[in-house]
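The values are calculated or read from the model by the stated rules, or taken from the named source; none is laboratory data. Remember, it's a predicted structure, so these values are computed and weren't measured experimentally. Cβ atoms come from the backbone with ideal geometry, glycine included; neighbour counts cover every protein chain shown. SASA here: full protein model, heavy atoms, side chains in, ligands and nucleic acids out. Shrake-Rupley method; radii C 1.70, N 1.55, O 1.52, S 1.80 Å.
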Amino acid sequence: MSDGVDSKNRKLVTKLVLIAIAMFGFGYALVPIYDVFCDITGLNGKTNTDAVLETQYQVDKTREIKVEFVTSVNKSAPMTFRAENNKIVVHPGQFYTVNFYAENLTDKKMVAQAIPSVSPGLASEYFKKTECFCFTEQVFEPGESKTMPVRFVVEPNLPEQYKTITLSYTFFDNTDKSVKN
C-alpha cells in the first residue's frame, strides 16, 4: 500500500514541477509574443522610432483631426516636461510642428529619453514624425531647459472613424545607463 502512495506522490511532484517549468517558460516568452502581436495588429500605439522622410501628400482640407499632447515624467526623472499646446486641429496630409519644453531640476548633468505612444493604437501607423526629440537621448546640463520640436503629419488615408489622436510622451532619466555620460 505504501508503494502505491509513494508512486502517486512522485507522479504528482513530477507533474507540479513540469507545470512550474511550463509557467516560467510561458512568462519568459510573453514579451516577444506581445511585441509580435502588437506589430501585426498595430495595438499598443508604438510610433516610428526613426525619422521618416518628409513626403508631399495631398492635403485634405475637408477633414479635421484633433491631435492631443499628453506629457508625463517617470517618478525617477527630476524634471519638468510639457507641451506648447495641449491640442491642435490638423488637416491630414499637412505637416505641423509642435514644441515641447523640458527642464532639468537638479544640479547634476542628466541624460533623459522620451518614450512616445499614440492612441488609438491603430492610428499610429498613420501618424508619421519627421523630427522628434524622442529619437535620441537628450543631455541636460544642471538646471538647463530646452525647447524640443516634433514635426509630424497625419497621413490622408487615416480611416474616417478616427477624429482624435493622442500623442503621449513619458520622459525617463537614463543617466546611470547611458553612454552619453
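Some points to look at:
- With a 1.4 Å probe rolled over the protein heavy atoms of all chains, the accessible area of GLU131, GLU68 falls in the order GLU131, GLU68, largest first.
- Using alpha-carbon coordinates, inclination of helix 2-41 to the longest axis of the chain, degrees: 10 degrees
- Between the labelled values (i) 16.7, 51; (ii) 15.8, 50; (iii) 23.5, 85, the entry that holds Rg and Dmax of the Cα atoms in Å as derived from this structure is (iii).
- In terms of accessible area, using a 1.4 Å probe and ignoring ligands and nucleic acids, ILE65, ILE88 rank largest first as ILE88, ILE65.
- Charge dipole (debye, nearest 20) of the chain; +1 at Cβ of Lys and Arg, -1 at Cβ of Asp and Glu: 460 debye
- Pairs over the 26 Å Cα-Cα cut-off, from the set LYS128/LYS163; LYS87/LYS129; LYS128/LYS177; LYS61/LYS146; LYS66/LYS109; LYS129/LYS163: LYS128/LYS177; LYS61/LYS146; LYS66/LYS109.
- Net dipole in debye of the range 83-181 [+1 Lys, Arg Cβ; -1 Asp, Glu Cβ; about Cα centre; nearest 20]: 120 debye
- Residue order by solvent-accessible surface for ARG63, ARG82 is ARG82, ARG63, largest first, with ligands and nucleic acids left out and a 1.4 Å probe.
- Toward the positive end of the charge dipole of the chain, with +1 on the Cβ of Lys and Arg and -1 on the Cβ of Asp and Glu, the farthest Cα among SER124, ASN9, PHE24 is that of ASN9.
- Rounded to the nearest 500, the 222 nm mean residue ellipticity of the chain from helices alone is -8000 deg cm²/dmol, with -39,500 (n - 2.57) taken per DSSP H run of at least 4 residues.
- Percent carbon-and-sulfur accessible area, the range 65-173, ignoring ligands, DNA and RNA, probe 1.4 Å: 47 percent
- With each label modelled as a point 7 angstrom along the Cα→C-beta vector, the THR164-ARG63 pair spans 1.8 nm.
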